[in-house]
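Here is the structure we will look at, set down as structure tokens.
The values are calculated or read from the model by the stated rules, or taken from the named source; none is laboratory data. In this text, all values refer to a predicted model and were calculated from it rather than measured experimentally. Backbone-built Cβ (ideal geometry, glycine too); neighbour counts: all protein chains shown.
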Amino acid sequence: MKEGRFPSGWVLLQGSLIRRGGDYDARLCYDLGVGFKDDQYFEIPSSSKGVINELLPLPANIKHIKFLLMGTAGEFELCQLSIAKVGALERIWRMVRRVVPMIFLHSRQKRKLIKLTFFRMLVDLQGTYKIAGKLRAHAAAPPYQNWIEQFDELTADDRTQINKHITRFANTPHFHLLIMADDTASGAVQKTLDSLNGQLYRHFTCVLLDMTARDSGLITEMQDMAWEVTRVAQPRQAAWLEQFNTELADGKAHEWVLLVRAGDVFAPHALYRFAREALAKPEAAVLYSDDDELDGNGQRRLHRFKPDWSLTHLRSTNFPGDAVALRGGEVAKAGGVGVDCCRYGTYDLLLRMVDVVGDAGTGRVAHIPAVLLHRGGAPLPDPLPGGERGLEHMEWNDPQWCVEALRAHLARNGVKGDVVETLPGCWRVRYELPDVPPLVSIVVPTRDAFELIRQCVGSLLDKTTYPRFEILVVDNQSADADALAYLERIAGHQRVRVLRYDLPFNYSAMNNMAVREARGEVVCLLNNDTEVISPDWLEEMVGHLLQPGVGVVGAKLYFPNGQVQHGGDLVGVGGVANHAHAFLQRHDPGYCNRAMVAQEFSAVTGACLVTWKEIYQRLGGLDEQHLKVAFNDVDYCLRVREAGYRVMWTPHAELYHHESVSRGKDCSPEKKKRAKREVAYVRKRWKHVMRHDPFYNPNLSHERPDFSLSNAPMVRKPWESRE
């Protein structure tokens with residue numbers, strides 16, 4: 001803003017800020033006459049609808065102010081901005097008006113975590129107001145270092161409570177730490193061993209698997225250790241591992257194995273958390289945690305807060321990484337730890353473990369939502385002439401090795417398909433369809449919207465390469481002459497049938513009626529404002545649907561400008577449900593590459609959804625009584641999961657989506673009442689699910705579905721419970 005006289009003291013900033021992008025950071029910066037400085041700004045939170053009502057203590061003598069918005073690509077609208085001075089009574093009233101509802105809205109656990117209490121409001125209203133502002137839907141995410149200091153570092157009391165908790169363990173799981181080392185990083189082994197020296201849980205042994213065939217100085221690094229470390233040189237590793245695997249097969253139930261690279265650093269409570277989880281979930285054979293990376297100065301960065309288990313996700317990328325503990329007996333059943341594990345990493349072993357324990361439906365795989373490993377492994381050295389690195393070097397997570405491991409896993413499980421790398425460390429499994437693939441009935445509700453329905457049906461007929469499909473267009477009282485003429489014309493196409501629904505608009509009922517008329521084993525619910533991009537979209541979706549236990553598959557949808565509109569649905573995050581990855585650019589990989597890999601979600605949008613007709617009808621289809629317009633797709637997906645099936649999303653089935661163009665927005669009083677009823681119904685029906693979506697880490701923001709860090713992570717500390 002241009003130079004002028006700005007009020008000082010407490011002011012009220014009001015306006016509207018609508019953003020279409022992946023960054024919700026907004027700052028009001030001020031210049032006191034010597035230029036704008038990095039520490040002279042206020043964070044400006046807003047509501048989910050973009051409303052700004054923020055009290056700010058402006059300093060005197062401000063010469064200029066400016067807004068800094070959205071650190072990433074996107075669009076915004078900043079409207080009706082005003083700054084007005086407020087008196088003491090109005091300031092107090094407005095602060096209390098924000099704080100009190102936030103106290104009632106959030107759980108006792110969250111309030112305690114961020115110190116949002118009535119007592120603090122009475123003694124520090126300004127500080128409590130600032131805390132409440134961080135819980136608004138569009139508030140800036142904390143920098144990772146600040147998040148670590150506030151939520152991740154152990155206090156002296158935490159350490160005391162953990163030690164007391166360990167003494168109450170019914171059993172003492174034992175961990176075998178296998179450290180893989182080569183000659184690429186001086187001092188790396190010592191960093192890992194130092195972190196083991198600092199473990200609060202002490203029931204472990206450590207073995208260094210040295211990939212060098214000559215004296216590399218690693219023995220010198222270990223001389224100062226207070227406990228014994230076994231070193232196994234490369235020539236002896238095959239024999240040692242054979243004996244180790246035999247001992248695992250004959251060992252006790254509480255033996256666990258962890259494989260890490262030299263330079264990886266364990267959090268002080270890492271083995272305690274793994275031990276506690278092993279005892280709390282005795283059926284588990286695989287435990288994995290979140291992790292991050294250490295830079296050259298030892299600073300933590302590049303956090304990876306992971307979702308709960310998904311086999312499809314594992315087949316797309318090694319998302320658990322190296323922060324994994326494996327039950328010893330199952331490791332032996334899976335073929336044991338091989339020499340290749342020492343060189344290439346754990347991906348093949350993890351896939352073999354899945355072969356033994358099966359998919360996670362019985363709780364055999366458990367996720368610990370805490371950063372327990374800090375990745376610090378040295379980068380790969382330059383290849384030797386001919387492309388080889390030599391046996392003395394590791395090729396951790398080598399792309400070709402991972403692809404071959406995945407292909408072998410698919411073959412062992414009788415899954416026919418091809419594997420191609422899409423991004424470094426990410427793969428696409430193209431599942432092979434049977435010689436006669438199932439007939440798919442594509443259901444397209446419509447009313448008028450001639451251009452949209454023509455574009456939708458035209459793209460289906462012209463671009464779709466799937467051999468067996470029919471299109472059921474459900475006409476809901478169209479009156480437009482062009483639309484009626486088009487429907488009459490396409491009704492003569494051999495793949496198209498036009499059905500009439502002559503009742504008031506009810507999206508659920510329209511789809512249910514069409515599914516009853518469908519001839520296919522598979523049903524595809526498709527909005528009339530969609531347009532096919534990838535010709536093999538239906539092969540991709542049906543391929544996933546044909547996998548064991550899959551009940552629903554969703555697609556990746558784009559706005560006409562190429563930004564992502566739908567990348568899976570997150571339940572309870574940012575409201576009832578919201579689209580993941582919204583507003584990313586088409587080829588933006590998203591958080592941990594999740595916008596570019598197939599994986600499991602709690603729900604997907606009904607704008608493009610395939611499911612089995614038998615499941616759809618057995619579960620009653622879409623809820624045409626309570627959810628006539630909105631959230632019927634989310635409700636259906638949750639009922640599918642409740643029935644024991646999985647909901648998948650694939651980024652390799654791509655379509656455009658002109659969202660809600662034909663129906664319009666819910667802006668009339670009647671539509672608003674209906675929308676509120678539907679929201680209330682879903683919140684009540686799925687209250688237990690909305691507390692935590694298993695495919696969205698609780699350390700991430702629950703206020704919006706953008707994978708940003710939470711200002712109040714909902715993660716329970718087990719040492720604070722009375723176990």
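Conditions (1) crowded, with 18+ Cβ neighbours inside 10 Å; (2) more than 12 Å from HIS138 (Cα to Cα); (3) touching a residue at least 24 places away in the same chain (Cβ under 8 Å), marked per residue:
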site	(1), (2), (3)
GLN14	no, yes, yes
LEU17	yes, no, yes
TYR24	yes, no, yes
TYR30	yes, yes, yes
VAL34	no, yes, no
ASP39	no, yes, no
SER46	yes, no, yes
GLU54	yes, yes, yes
PRO59	no, yes, yes
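ALA485: within 30 Å of GLN625 (Cβ to Cβ) and either hydroxyl-bearing (Ser, Thr, Tyr) or modelled with pLDDT of 95 or more (or both), yes or no?
On the way: within 30 Å of GLN625 (Cβ to Cβ): no; either hydroxyl-bearing (Ser, Thr, Tyr) or modelled with pLDDT of 95 or more (or both): yes.
The answer is no for ALA485.
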Where GLU488 falls short, out of the listed (1) surrounded by fewer than 20 Cβ atoms within 10 Å (Cβ to Cβ); (2) closer than 23 Å to TYR656 by Cα: (2)
In region 668-699, which residue that is part of a helix (DSSP H, G or I) and among the acidic types (Asp, Glu) is surrounded by the most Cβ atoms within 10 Å (Cβ to Cβ)? GLU678
Residues in region 434-443: is at least one modelled with pLDDT of 95 or more, under 34 Å from the mean Cα position of the chain (by Cα) and among the acidic types (Asp, Glu)? no
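Kindly indicate whether any position in region 464-482 is aliphatic (A, V, I, L, M), closer than 19 Å to THR446 by Cβ and surrounded by fewer than 21 Cβ atoms within 10 Å (Cβ to Cβ). If you could, list the steps in order and put the result at the bottom.
The initial filter retains those residues of region 464-482 that are aliphatic (A, V, I, L, M), namely 471-474, 479, 481.
Going one step further and asking which of them are closer than 19 Å to THR446 by Cβ, we end up with 471-474, 479, 481.
When the remaining residues are screened for being surrounded by fewer than 21 Cβ atoms within 10 Å (Cβ to Cβ), the result is 479, 481.
Yes, because at least one residue in region 464-482 is aliphatic (A, V, I, L, M), closer than 19 Å to THR446 by Cβ and surrounded by fewer than 21 Cβ atoms within 10 Å (Cβ to Cβ).
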In region 416-437, which residue that is in contact (Cβ under 8 Å) with a residue 24 or more places away in the chain and of a type in the set (D, E, K, R) is farthest from ASP348 (Cα to Cα)? GLU432
Quick check on SER16: is it assigned to a loop (DSSP other than H, G, I, E, B) and either under 25 Å from SER708 (Cβ atoms) or of a type in the set (S, T, N, Q) (or both)? no
Residue by residue through region 626-653, note down the ones that are more than 19 Å from HIS313 (Cβ to Cβ), in contact (Cβ under 8 Å) with a residue 60 or more places away in the chain, not in a helix (DSSP H, G or I) and not β-branched (Val, Ile, Thr). LEU627, LYS628, ALA643
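Please list, ordered by residue number, the helices (runs of 4 or more DSSP H) wholly in region 216-317 having 3 or more residues that are closer than 29 Å to ASN146 by Cβ, modelled with pLDDT of 90 or more and not aromatic (Phe, Trp, Tyr).
Passing ranges, in order: 270-280.
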Residue pairs within 7 Å by beta carbon, gap of at least six or interchain, first lying in region 587-616 and part of a loop (DSSP other than H, G, I, E, B), second among the acidic types (Asp, Glu), listed first then second, are PHE601/ASP569; SER602/ASP569; SER602/ASP693; VAL604/ASP569; THR605/ASP569; THR605/ASP633; GLY606/ASP633
Selection within region 225-267 - over 19 Å from HIS203 (Cα atoms) and among the polar types (S, T, N, Q): GLN234, GLN237, GLN243, ASN245, THR246
Residue list for region 333-388, filter: modelled with pLDDT of 90 or more, part of a loop (DSSP other than H, G, I, E, B) and either acidic (Asp, Glu) or closer than 17 Å to PRO399 by Cα (or both): GLY345, THR346
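Among the candidates ILE62, ILE103, ILE83, which residue alone is in a loop (DSSP other than H, G, I, E, B) and β-branched (Val, Ile, Thr)? Give the derivation first.
On the way: ILE103 fails: in a loop (DSSP other than H, G, I, E, B); ILE83 fails: in a loop (DSSP other than H, G, I, E, B).
Only one candidate qualifies: ILE62.
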Only one of (1) crowded, with 19+ Cβ neighbours inside 10 Å; (2) at pLDDT below 90; (3) closer than 27 Å to GLU531 by Cα does not apply to LYS665, and that is (1)
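Can you confirm whether region 646-658 contains a residue that is in the same structural domain as GLU517 (by TED's automatic domain parsing), modelled with pLDDT under 95 and farther than 22 Å from TRP686 by Cα? Spell out the reasoning first.
Quick first cut of region 646-658, residues in the same structural domain as GLU517 (by TED's automatic domain parsing) only: 646-658.
If we keep only those that are modelled with pLDDT under 95 too, we end up with 658.
Okay, now just the ones that are also farther than 22 Å from TRP686 by Cα, so 658.
Yes: region 646-658 contains one or more residues that are in the same structural domain as GLU517 (by TED's automatic domain parsing), modelled with pLDDT under 95 and farther than 22 Å from TRP686 by Cα.
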Pair list, Cβ < 9 Å and 6+ apart or interchain, from region 104-132 residues that are over 23 Å from TRP10 (Cα atoms) to residues that are aromatic (Phe, Trp, Tyr) and assigned to a helix (DSSP H, G or I): LEU113/PHE151
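Answer with yes or no whether ASN578 is modelled with pLDDT of 95 or more and either in a strand (DSSP E or B) or polar (S, T, N, Q) (or both). Spell out how you get there, then give the answer.
Values: modelled with pLDDT of 95 or more: no; either in a strand (DSSP E or B) or polar (S, T, N, Q) (or both): yes.
For ASN578, the condition - modelled with pLDDT of 95 or more and either in a strand (DSSP E or B) or polar (S, T, N, Q) (or both) - is not met.
Considering each residue of region 418-454, count those that are part of a helix (DSSP H, G or I) and either closer than 21 Å to LEU609 by Cα or out of contact with any Leu (no Cβ under 9 Å at 6 or more places or on another chain) (or both), and give that number. First the steps, then the outcome.
From region 418-454, those part of a helix (DSSP H, G or I) are 450-454; that's our starting set.
Among the residues that remain, those that are also either closer than 21 Å to LEU609 by Cα or out of contact with any Leu (no Cβ under 9 Å at 6 or more places or on another chain) (or both) are: 451-454.
Counting residues in region 418-454 that are part of a helix (DSSP H, G or I) and either closer than 21 Å to LEU609 by Cα or out of contact with any Leu (no Cβ under 9 Å at 6 or more places or on another chain) (or both) gives 4.
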